[in-house]
1. Read through the list (1) at pLDDT 95 or above; (2) under 26 Å from Leu89 (Cα atoms); (3) in contact with a strand residue (DSSP E or B) (Cβ under 9 Å, 6 or more places away or on another chain); (4) not in a loop (DSSP other than H, G, I, E, B), then give the number of the only condition that Glu282 fails.
2. Can you go through Ala273, Ala193, Ala187, Ala264 and tell me which one is in a loop (DSSP other than H, G, I, E, B) and over 24 Å from Glu117 (Cα atoms)?
3. When you go through Ala290, Ala308 one by one, which is the residue that is in a helix (DSSP H, G or I) and either aromatic (Phe, Trp, Tyr) or closer than 23 Å to His25 by Cα (or both)?
4. Restricting to region 198-217, name every residue that is buried (at least 17 other Cβ atoms within 10 Å of the Cβ) and in a strand (DSSP E or B).
5. From the list Ala219, Ala233, Ala207, which one is in contact with a Pro (Cβ under 7 Å, 6 or more places away or on another chain) and closer than 22 Å to Gln311 by Cβ?
6. Criterion first (surrounded by fewer than 24 Cβ atoms within 10 Å (Cβ to Cβ) and either within 22 Å of Ala95 (Cα to Cα) or not aliphatic (A, V, I, L, M) (or both)) does Gly228 satisfy it?
7. Only one residue in Ser306, Ser319, Ser277, Ser256 is at pLDDT below 95 and closer than 19 Å to Tyr176 by Cβ, so which one is that?
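The values are calculated or read from the model by the stated rules, or taken from the named source; none is laboratory data. The structure displayed is predicted, hence computed values, not measured ones. We place every Cβ from the backbone using ideal geometry, glycine too, and count neighbours over all the protein chains shown.
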Amino acid sequence: MRWGIVGAGRIAKKVGTAMHTAPGHRITAVCARRHDAAALLATEFAAHAFDDLAVMLAADICDAVYIALPNHLHAAAALQAIASGRHVLVEKPLATSAAEVAELIAAAQSAGVVLREGMMYQHHPQTIQTQALLASGAIGQIRELHVAFGYRQDNPRDIRMTEQVGGGAIADLGCYAVHYTRLLTAAAVTQVAGTGTWGGNQVDVRASALCTLENDSTATFNVSFMGGFYQNARIIGYDGVIEIERPFTIFPDRGSTIRLWRGAHFAQLEEIAIAPSNHFVEQAVAFAHAVAANVAQRNKTTLSDSYANAQVIDTWRRSLKSGLREHIG
């Protein structure tokens, strides 16, 4: 698969470098607002450089596009790529609102192309093994899910610290927590009670949420730009517990461990070793499989999940502002 990268920042380089090593994948084009930035990144892949997305798409040298732009530019760039008939992978979050996500879904379904949100962690063996344990009944029915993710972000000029470009801790980190909840529980969030702290240029720099799910279980999220790095997930079932130390940004060159307690009372700890894997490579492979699938099935489940996740994020933000428990939609 020939990929065109839209964006030339740190994430574009990190993801692009991994994708370029995936079997059957190569980066053939890089597009950025500044041609010199595009050319610098393109050099690493022996790719073509562009400073205009329309020109890159017209050149017909890529089959799919990976969009790694500031959040507020995701939807417009994705719509342009979809209109050209390209398959599209968008860095998380897919867009800045559920309304934008709905527009992208409609466009992708009409064009018959694959559209995916870059939740790379879901393709890592650690996540896949966690899902298998849950499906096997290892801890029984999920009753609670607790997700935390944070790091210090104190540069006021960083795009994640500016509301106008879709910044904030919820957009940058909370989207993982929301996605993780639906991925593992397959249950819709029905209510969100949020609290947080505003800072930067009118963004949420710290946010927490207590969510009620349709199966009467709960999920709590804590995300922050206001301290040292932390990241973990705890899944509490009726018959046991699973803990993941680093569920999302998993080191590609190191093994990881799933901690499992089977049983409700004084259960013995089991540690399940997971071999190293690059989730960006696995994401590219999974994307290619989606492209090869039947057109009618390409986006059906994945995009409905993306829309549901965007609704939860919208509601979380709304709850932060209102100070009230808010219902989805």
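1. Answer for Glu282: the failing condition is (3).
2. On the way: Ala273 fails: in a loop (DSSP other than H, G, I, E, B); Ala193 fails: in a loop (DSSP other than H, G, I, E, B); Ala187 fails: over 24 Å from Glu117 (Cα atoms).
Result: Ala264 is the single residue among Ala273, Ala193, Ala187, Ala264 that is in a loop (DSSP other than H, G, I, E, B) and over 24 Å from Glu117 (Cα atoms).
3. Working: Ala308 fails: either aromatic (Phe, Trp, Tyr) or closer than 23 Å to His25 by Cα (or both).
The unique qualifying residue is Ala290.
4. Just the residues of region 198-217 that are buried (at least 17 other Cβ atoms within 10 Å of the Cβ), to begin with: 199-200, 203-209, 211-213, 217.
Answer for region 198-217, where residues must be buried (at least 17 other Cβ atoms within 10 Å of the Cβ) and in a strand (DSSP E or B): Gly199, Val203, Asp204, Val205, Arg206, Ala207, Ser208, Ala209, Cys211, Thr212, Leu213.
5. Details: Ala219 fails: in contact with a Pro (Cβ under 7 Å, 6 or more places away or on another chain); Ala207 fails: in contact with a Pro (Cβ under 7 Å, 6 or more places away or on another chain).
Result: Ala233 is the single residue among Ala219, Ala233, Ala207 that is in contact with a Pro (Cβ under 7 Å, 6 or more places away or on another chain) and closer than 22 Å to Gln311 by Cβ.
6. Details: surrounded by fewer than 24 Cβ atoms within 10 Å (Cβ to Cβ): yes; either within 22 Å of Ala95 (Cα to Cα) or not aliphatic (A, V, I, L, M) (or both): yes.
Against the criterion (surrounded by fewer than 24 Cβ atoms within 10 Å (Cβ to Cβ) and either within 22 Å of Ala95 (Cα to Cα) or not aliphatic (A, V, I, L, M) (or both)), Gly228 qualifies.
7. On the way: Ser319 fails: at pLDDT below 95; Ser277 fails: at pLDDT below 95; Ser256 fails: at pLDDT below 95.
Just one listed residue meets the conditions, Ser306.
This table checks each residue for (1) of a type in the set (S, T, N, Q); (2) outside any loop (DSSP other than H, G, I, E, B).
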| position | (1), (2) |
| --- | --- |
| Thr130 | yes, yes |
| Leu133 | no, yes |
| Glu144 | no, yes |
| Arg152 | no, no |
| Gly174 | no, yes |
